[in-house]
1. Pull out the extension gain between Glu225 and Tyr246, defined as 0.36 nm times the separation in residues minus the alpha carbon to alpha carbon distance; nm, one decimal.
2. Between Ala164, Tyr332, Asn112, whose Cα lies farthest towards the positive end of the dipole of the chain when Lys and Arg beta carbons carry +1 and Asp and Glu beta carbons carry -1, centred on the Cα centre?
3. Nearest 500 deg cm²/dmol is fine: what mean residue ellipticity at 222 nm does the chain get from its DSSP H runs of n ≥ 4 alone, each adding -39,500 (n - 2.57), divided by its residue count?
4. Ranked highest first by the average count of other Cβ atoms within 10 Å around their residues, in what order do 99-111, 295-307, 184-196 fall?
5. Between Lys191 and Phe257, what length comes free when the chain is fully extended (0.36 nm per residue of separation minus the Cα-Cα distance, one decimal in nm)?
6. Can you tell me the length gained on complete extension of the stretch Arg291 to Asn330, counting 0.36 nm per residue apart and subtracting the Cα distance?
7. Under the classification rounded if a/c is under 1.5, otherwise prolate if a/b is larger than b/c and oblate if not, where does region 176-266 fall, given a ≥ b ≥ c as square roots of the Cα gyration tensor eigenvalues?
8. So if R0 is 51 Å, what FRET efficiency would Arg137 and Thr283 give, r being the distance between their Cβ atoms, rounded to the nearest 0.05?
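Nothing in this text is a laboratory measurement; each read-out follows from the coordinates by a stated rule. Everything numeric in this text was worked out from a predicted model, so none of it was measured. Positions of Cβ are backbone-derived with ideal geometry, glycine not excepted, and every protein chain shown enters the neighbour counts.
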Amino acid sequence: MSAAELERFFADTSGNPIQHAFSRRGGHMPGASGEPVAADAHQSIWRQVQDQPRSGPTVMYLHVPFCANHCLFCGFYRNKWTDDASAPYTDALLQELEMEATSPAAQSAPINAVYFGGGTPTALHAQDLKRLVARIRELYPLASDCEITVEGRIYHFDNDKIEACLDAGANRLSTGTQSFDTRVRRRQGRKVSGEEARRFFEGLRDRNRAAIICDLILGLPDQDEEIWQADLKTVVDLGLDGVDLYTLAVFPGAPLFKAIEKGKISPAAPLPHQGLMYETGLTFLQRQGWRQLSSSHWASGTRERNLYNTLIKSGAQCLAFGAGAGGNLNGYSYSVQSELAHYYDMVKKGEKPLASLARNGPLTPVLNGLAAGIETMRVDLAGLERHPAVPEGVLAYLAPLLDNWRAADLITGNTVIRLTTAGRFWHQTLLTHLKAAVAEYCGPHPEP
């Protein structure tokens with residue numbers, strides 16, 4: 001890529017950067033592309049991966065792919081929840097966990113964080129949640145300070161399930177709330193009222209047994225400035241340990257996209273307005289003494305560490321289980337079968353239910369390092385020059401792009417760059433562009 005081609009990653013410097021730096025938001029998911037392994041070699045290569053000891057920070061992810069209904073804003077819905085799904089799915093998940101538990105890859109180093117995601121993990125019955133958390137602690141070498149998160153939805157998360165998770169050893173409960181305004185919630189398919197949501201969090205808080213995290217979404221239809229400020233105030237008044245402020249993404253083909261397109265619901269807030277809402281949230285939480293741990297996550301005190309999210313976005317080793325999960329282990333990235341019938345069948349045969357397996361390329365650690373830096377709002381670019389996979393001169397090559405971002409008030413600093421408030425709002429876009437620029441520079445080297 002020539003230096004001139006970097007201009008496609010430039011920000012607009014003519015207006016308020018938090019509103020107009022870019023015309024659209026870039027997308028980034030953890031992991032990196034690699035060389036695919038042929039399907040008929042999946043199981044043999046996987047056995048080799050399992051026989052190799054692992055090292056470095058490690059997380060475990062367990063996916064529960066069921067939801068009571070498809071919320072309008074969500075682009076990840078897979079399977080309708082039915083009560084009779086709990087025990088069979090838990091049994092299969094336990095079998096998958098047990099198949100790998102004695103391998104060198106499983107036992108050779110501590111696991112720093114465990115995360116139950118979905119879907120809706122708390123759709124599972126109380127006894128099944130307890131079985132899973134307890135069995136993981138029995139089978140795997142969790143670090144003494146391991147963060148064990150159960151992600152949930154208020155509608156399913158009754159007192160029996162809460163106590164089952166806590167009694168089994170979960171120490172972090174994260175609940176997708178989106179908004180505390182009843183009308184906004186109901187329009188998005190949430191079944192619980194705002195007042196019921198507040199009482200739910202009060203109950204979690206008063207137990208004082210785990211870090212309590214709330215997810216809010218900014219830019220939802222009918223969520224005006226007054227409602228947004230009330231949502232922020234509610235989080236602080238409840239005395240929660242952490243909050244995520246996520247910007248709404250309207251996925252083409254998702255229920256929200258279709259509802260807006262047909263005029264059944266108000267449009268979502270446009271990106272420029274979302275930027276101002278993000279700035280409102282950041283400023284409010286900062287004034288309340290909350291610490292910003294990442295571009296989208298804040299903590300009120302020392303109980304909340306946000307460990308899983310920080311590690312997974314930096315490319316840490318990830319042991320993944322459950323239909324639709326994705327992981328990264330000993331130089332390979334992989335995904336688990338998302339179609340339930342295939343998942344159950346492969347587990348029953350004693351096989352890792354892989355849907356894909358790819359060998360990570362030499363540039364993966366470099367790109368993961370950039371992701372880790374952007375996630376924590378501080379990127380040390382000196383490491384790029386030192387890495388053997390990066391040709392000499394990369395910082396000089398990136399200089400015009402970084403100069404533009406500084407001029408747009410998205411970053412400060414030179415070798416070590418820090419994200420401004422606007423940069424934090426656009427962090428996914430900055431990361432997408434920076435990774436693309438570095439990856440292309442490390443391909444065919446541009447002519448001098």
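1. Computed gain between Glu225 and Tyr246 is 6.0 nm.
2. Result: Ala164.
3. Values: 18 runs with 181 residues, N = 448.
Using -39500 (n - 2.57) per qualifying helix, the result is -12000 deg cm²/dmol.
4. On the way: 99-111: 16.4, 295-307: 19.5, 184-196: 18.0.
Descending mean neighbour count gives 295-307, 184-196, 99-111.
5. So the chain would gain 21.8 nm between Lys191 and Phe257.
6. Numbers: separation 39, 0.36 × 39 = 14.04 nm, distance 3.34 nm.
Gain on extension, Arg291 to Asn330, equals 10.7 nm.
7. Details: a/c = 2.18, a/b = 2.13, b/c = 1.02.
The shape class here is prolate.
8. Working: r = 41 Å, r/R0 = 0.79.
It comes out at approximately 0.80.
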